[in-house]
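Every number in this text was worked out from the coordinates using simple rules, so none of it is lab data. It should be emphasised that the depicted structure is a prediction, and the values quoted were computed from it without experimental measurement. With ideal geometry, Cβ positions are generated from the backbone for all residues, glycine too; neighbour counts draw on all protein chains shown.
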Number of protein chains: 4
Amino acid sequence: MSAIAQRKDAAKYHAILEAAIKVMAVSGYHGAQVARIAREAGVADGTVYLYFKNKEDILVSVLRETISQIIMLSTWLEGDHPEPLLALHKLIEGHFTTLGRNPDLALVLQVHVRQSDPAIREQVADMMRPYHRMLERILVLGQETGVFRQPFDVRIARRMIFGTIDETVNAWIFTGAKYDLAAQTDPVYDMLLRGIGKGDKLSEI
Amino acid sequence: MSAIAQRKDAAKYHAILEAAIKVMAVSGYHGAQVARIAREAGVADGTVYLYFKNKEDILVSVLRETISQIIMLSTWLEGDHPEPLLALHKLIEGHFTTLGRNPDLALVLQVHVRQSDPAIREQVADMMRPYHRMLERILVLGQETGVFRQPFDVRIARRMIFGTIDETVNAWIFTGAKYDLAAQTDPVYDMLLRGIGKGDKLSEI
Amino acid sequence: MSAIAQRKDAAKYHAILEAAIKVMAVSGYHGAQVARIAREAGVADGTVYLYFKNKEDILVSVLRETISQIIMLSTWLEGDHPEPLLALHKLIEGHFTTLGRNPDLALVLQVHVRQSDPAIREQVADMMRPYHRMLERILVLGQETGVFRQPFDVRIARRMIFGTIDETVNAWIFTGAKYDLAAQTDPVYDMLLRGIGKGDKLSEI
Amino acid sequence: MSAIAQRKDAAKYHAILEAAIKVMAVSGYHGAQVARIAREAGVADGTVYLYFKNKEDILVSVLRETISQIIMLSTWLEGDHPEPLLALHKLIEGHFTTLGRNPDLALVLQVHVRQSDPAIREQVADMMRPYHRMLERILVLGQETGVFRQPFDVRIARRMIFGTIDETVNAWIFTGAKYDLAAQTDPVYDMLLRGIGKGDKLSEI
DNA sequence: AATGAATGAGCCTTCATTCAT
DNA sequence: GATGAATGAAGGCTCATTCAT
């Protein structure tokens, strides 16, 4: 939460966040005027600045809250289910479920975040780091316990997993978020485990 | 190429494009002032508008030229190497090589494109379509010729491949483009074929 | 009044209008910079856009207010004085009095309106229509009641009257608005009624 | 003719003038880009500046040539026909005929001249002065020879005549220049001589 | 003389942010 | 705390004019 917020009306704080997500989903970060966010939230322009330092702070707050949601869910899963296969499955499911419930939020997270200033991207990267580290821990544990095949570069695997999840969400958003994103969990999970090759053809090149 | 260009000085056209890539890499699309692009290209502000309709046209042209480079390379590979495994390998290699040669361009393509107006994103999607379709053709052919394992959803596989490539480039950019991106070809290719699982553990969940 | 205005500070709205008249009188429509109008009105540049949609809206508003002033005055006179001769006299007097009080306004109305985009001229023509129609009603009534000579084309008479008024104002402006414009009422009125000819010489050609 | 012109290709000089009239008729003075005038004239942008000092010089030249046409015609008429009634009739006829032949020119003269900088308007006024003086000479002569009624202010009469002619041309332009302007000569001439009143009602107010 | 690519000063407009009420 | 009118810096784009060829 923004340092400023806390002492104030939490309901209004969240109303502004929700409004920001809605407006940014339609217009992107740069297209989202503070005035429109304020109107959407039902507050005056100036009120926004009682809860957020500036426009960038709104975006960062949106991201922080969302990412922490995903991460909290996943952390909980990791703690509860040290079984790497299950943990991976739950992580994908958690990601898809969280974003699948709120397409506007997904749009902001996937599409609009990546713009804006380098400073923001840096902050987003910081926020994602625990997520990435957790993913790597799952992978290492899986290799150690022998449920994943032995010799592969954990970072490359992590990028494949994250990239695949990301692109799956992107495709879902781009087609208008019409189908159930969570339903993609199993096929995506399966594809990540098996790859596209046949065991006996893999060393051909 | 922009319709306006052609009849004029091609060198200047490309100088402006290069300058735009450089400036956008640093400041993003919205942060890139036309005046700075012009100065970087060594021309007057007004000259930019002799070669491009407006600022958006500059960005779209950068993307068009880059994407078409990647696609042309890949199309050529596809025609020459109908062998799906090889084609996939070459496609990844082509993607990494093209972007690996020009980190600024990669930054613009990966990060800054996704901002700006929906109209631009739509255009980018249109430009990427041939790429995606080609990828799917390779996958279908691979299934038919039996070099890929039989039952998997081609679209999910395509998203995994594209997402993995994308995320690999992102990671490379984010760490400062310090290592050789093309060197990622083999491990990424291998990871996509094998997945992370062990053959005998796959049906456990 | 501009749709935007009303809910806001009416004094500021009029201050900007007055400033616009002053600046346009000196520099013409195209020469009048919004920044200079703002400074003249004692507000910030952006404030102008709280009261007017754009620069064109300022000009149109100036014209709308002035023309409606002239028309309101005249309409009132028409209602009150159905006597055509008197109505005509009052109409001329009203026109001269309104503009005579504010030479800058007259300058804008007479000289600078006619430039700018065709769209504006169209709007001005729309605004003038009631005025022209009223003039024609006076003429028709005068013919019917027999105070004007019978067979003349009402449109030609209307153009003579309007053209004469217009040119009288022009001449007054051009010589620096040094004399009392309203004092021209009687001689102009007289001239329009009598023409320049002698009764017995009129059919000579 | 522009001082620059004379030594050069007179055909090209006139081509540019004609082009300027055409373009200004459509877009007005400020809307008429030099580049468009050049293209319409079939010359390069730079060539325009071999024949005219600058854009303003083009407009002034257009006006000078046109006005001098009208004046030359009228001067000739005045010299030839010292009979005031006939001279007035011919003057109106000349004015209507000259402009009636070239609606584009009329549009520029009537509508677009009045904009632009005060400097231009000053020059136009200078050019019109002989015309106005001639009109006054006709009026004075008419009074002296007794073909006009005796006591009226010559300047007011002049303004009525000029204003009526002007407004008649304006109305003709505004309705699309669809009818024969020269045909307005007789009714306008008649109206100016007789006025709108009846002899016995004139002193009522 | 003719060209037209290049120039760059100039201006309207937007919108994040402030602050008096 | 809340308001929203006011601010003013900033930037994309136009177009008259120049000058090397």
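Placing R0 at 41 angstrom, the Cβ-Cβ distance between residue B:14 and residue A:136 gives a FRET efficiency of 0.45 after rounding to 0.05. Applying 1/(1 + (r/R0)^6) with r as the Cβ-Cβ distance of residue D:125 and residue C:153 and R0 = 30 angstrom yields a FRET efficiency of 0.45. Given their separation in residues at 0.36 nm each and the Cα-Cα distance between them, residue D:174 and residue D:86 gain 28.8 nm when the chain is fully extended.
Within 10 Å of the Cβ of each residue in C:143-153, the mean number of Cβ atoms contributed by other protein chains is 3.
Rg/Rh for segment A:55-195 (Cα atoms only, Rh after Kirkwood) is 0.97.
Averaged over the residues of peptide A:25-32, the number of Cβ atoms from other protein chains lying within 10 Å of each residue's Cβ is 3.
Structure note, pairs B:90/B:178; D:22/D:178; D:12/D:53; A:12/A:53: Cα-Cα distances above 19 angstrom occur for B:90/B:178.
Across peptide C:167-178, what mean number of C-beta atoms from other chains lies inside 10 Å of a residue's C-beta?
Details: counts 11, 5, 2, 5, 7, 1, 0, 3, 0, 0, 0, 0.
Mean partner-chain Cβ count within 10 Å for C:167-178: 3.
Computed over segment D:55-194, relative contact order equals 33 percent, with contacts defined as Cα pairs under 8 Å that lie 6+ residues apart.
Quick one: grab the alpha carbon gyration tensor of segment C:10-107, order the square roots of its eigenvalues as a ≥ b ≥ c, and give me rounded if a/c is under 1.5, else prolate or oblate depending on whether a/b is larger than b/c.
Numbers: a/c = 3.32, a/b = 2.41, b/c = 1.38.
Taking the square roots of the gyration eigenvalues as a ≥ b ≥ c, segment C:10-107 is prolate.
Shortest first, residue C:137 label-point distances to identical copies amount to 4.6, 7.5, 8.6 nm, with the label point at 7 Å from Cα along Cα→Cβ. Amide H contacts for residue B:148 (H built 1.01 Å from N in the peptide plane; partners 5 or more residues away or on another chain; cut-off under 5 Å): B:143.
Between residue C:101 and residue C:39, full extension at 0.36 nm per residue minus the direct alpha carbon distance yields a gain of 19.9 nm. Taking the Cα centre of segment C:55-194 as origin, sum charge times position over the Cβ atoms of Lys and Arg (+1) and Asp and Glu (-1), and report the length of that vector in debye to the nearest 20. That gives segment C:55-194 a dipole magnitude of about 240 debye.
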